[in-house]
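The values are calculated or read from the model by the stated rules, or taken from the named source; none is laboratory data. Predicted, not measured: the structure shown is a model, and the values here were computed from it. Counting neighbours? That spans all protein chains shown, and the Cβs are built from the backbone with ideal geometry, glycine included. Surface areas here come from the heavy atoms of the whole protein model, side chains and all, with no ligands, DNA or RNA. Shrake-Rupley method; radii C 1.70, N 1.55, O 1.52, S 1.80 Å.
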Amino acid sequence: MNDLPIYLDYNATTPVDPLAAQALEPWLRERFGNPSSAHLYGKEAKAAVETARAEVAALIGGRPEDMVFCGSATEANNLAIFGVARALRGERRHLVTSAVEHPSVMQPMRWLEAEGWQLTVLPVDGTGRVRMEAAAHAIRRDTALISVMLANNETGTMQPVSEIAALAHARGAFMHVDAAQGAGKIPIDVHDLGADLLTLAGHKFYAPKGVGALYVPTGTPVLPIMAGAGHERGLRPGTENVPHIVALGTAARLAQEGLAREAARLQQLRDALHERLVIAIPGLLLNGHPTERLPNTLNLSFPGVAGWQLLLAATPEIAASTGSACHAGGHTVSDVLAAMSMPQEQALSAIRLSLGRFTTTAEIDEAANALINAWRGLAGAVG
């Protein structure tokens, strides 16, 4: 009997796909060579890295030679932002991002602002989408880089990236897209998006933690932010993490092969869960865009209860996330929900349910029952 809770936190991290784990294991054992070595062991490792590079590139419609492997999406985002800033520091001194970015984008932007760069943070509407009129006004002739995520990790709301990129390019600026949440869930083509740089996170699409990639096409001005040898086109020094890179490539291939089918399946399960909860819980609110949203993500506010209390009451049935964070014994609204100008009570009652490859219909039914019963128990006690 499995006593583990139903896992509905796939936006936080995914389990490693068994096929990705299987592909990884030989590179921890007998195939341990350094890709920079000239002998057989090194050549084998180098070939494996290049195969993975092609597989990851195919997931986003890019060229293999434009992919740079990193240790995480956080590192990739830092390389994109600081790397462009270093390259263009004498020419342009203005940056643009959105109010709902991941800290690995927002914090580098704030660091650069503290160093004298000008920074514009774009507001979002009540669904979490960037206001295009604000973007059109914000991007200037001296703008170096715009960084806007493809899809939000909390609400699943997808941004009008291609439209923002068109504005950026019209003014000679470069466009960085943090696609950590979107990759493997929705089709991505870097050319259609207009992305000059694009970030991927392995552990968001069933590869291990500790590996990511940055799309950096030739001609995009990026300087390294670490010093060392000339690995990864000189942009990311350090011997390549061959086992995890191989797993990343396998995970990318698996995601690409089943993308449309899996997206449709997850959306069906997500909508079935939402329907069950809406029928049973009067006043339930959807947070995020009703249609322009990742197919696996459901962010809901449960009336009359705090999100953390609801999940606590539903334990051990469900593993999910709330829309608030605990600090010094109190709970504060997430930056994303606050940026959406959401009333505090609604934000504090939010939970995020994110589905994935191993979510089943039976689990959705069980999760719905657990949440409904937990809400009724809490709402009855409050009432």
Report task. Please work out if G194 is among the small types (G, A, S) and at negative phi. Result -> no
Report summary line: Those residues of region 337-363 which are in a helix (DSSP H, G or I), open to solvent by 10 Å² or more (accessible area, probe 1.4 Å) and either touching a Lys or Arg at 6+ places or on another chain (Cβ under 9 Å) or in contact (Cβ under 8 Å) with a residue 24 or more places away in the chain (or both) amount to A339, Q346, L348, T361, E363
Requested in this report: Inspect region 197-206 for any residue being polar (S, T, N, Q) and buried (at least 20 other Cβ atoms within 10 Å of the Cβ) and give the result as yes or no.
Outcome: yes
Report task. Tell me, please, whether a residue that is free of Cβ contacts under 8 Å to residues at least 40 places away in the same chain and touching a strand residue (DSSP E or B) at 6+ places or on another chain (Cβ under 6 Å) can be found in region 133-143. Result -> yes
Query raised in the report: Out of (1) within 18 Å of the chain's Cα centre (by Cα); (2) open to solvent by less than 10 Å² (accessible area, probe 1.4 Å), what's the single condition that is false for L122?
Result: (1)
Query raised in the report: When residues of region 139-167 are filtered for being open to solvent by 10 Å² or more (accessible area, probe 1.4 Å) and farther than 30 Å from S354 by Cα, how many remain?
Result: 5
Requested in this report: Could you give me the residue pairs with C-beta distances under 6 Å whose first residue belongs to region 21-34 and is open to solvent by 50 Å² or more (accessible area, probe 1.4 Å), whose second residue is outside any helix (DSSP H, G or I) and at pLDDT below 95 wherever it lies, and which are 6+ apart or on separate chains?
Outcome: N34/T239
Requested in this report: Filter region 291-317 down to residues that are closer than 18 Å to Q181 by Cβ and surrounded by fewer than 17 Cβ atoms within 10 Å (Cβ to Cβ) and give me whichever is farthest from the chain's Cα centre (by Cα).
Outcome: T291
Query raised in the report: Within region 31-47, is even one residue modelled with pLDDT of 95 or more, over 24 Å from M109 (Cβ atoms), in contact with a Pro (Cβ under 7 Å, 6 or more places away or on another chain) and among the charged types (D, E, K, R)?
Result: yes
Report summary line: Residue hits (region 229-257; farther than 16 Å from P35 by Cα and exposed (fewer than 13 other Cβ atoms within 10 Å of the Cβ)) are E257
Report task. Answer with yes or no whether A134 is among the aliphatic types (A, V, I, L, M) and open to solvent by 40 Å² or more (accessible area, probe 1.4 Å). Result -> no
Query - Unmet criterion (only one of (1) under 21 Å from E163 (Cβ atoms); (2) modelled with pLDDT under 95) for V100 - result: (2)
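Within the group E50, E115, which residue is open to solvent by 60 Å² or more (accessible area, probe 1.4 Å), out of contact with any helix residue (DSSP H, G or I) (no Cβ under 6 Å at 6 or more places or on another chain) and closer than 21 Å to L223 by Cβ?
Testing whether each residue is open to solvent by 60 Å² or more (accessible area, probe 1.4 Å), out of contact with any helix residue (DSSP H, G or I) (no Cβ under 6 Å at 6 or more places or on another chain) and closer than 21 Å to L223 by Cβ leaves just E115.
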Query raised in the report: What are the pairs, 6+ residues apart or on separate chains, where a residue within region 38-59 that is charged (D, E, K, R) has its Cβ under 6 Å from a residue that is open to solvent by less than 40 Å² (accessible area, probe 1.4 Å) and part of a helix (DSSP H, G or I)?
Result: E55/G249; E55/A252
**Report entry** Complete set of residues in region 199-245 that are over 15 Å from M67 (Cα atoms) and aromatic (F, W, Y)
**Finding:** F205, Y206
**Report entry** Among the residues listed as E345, E292, E317, the single one being closer than 28 Å to D3 by Cβ and acidic (D, E)
**Finding:** E317
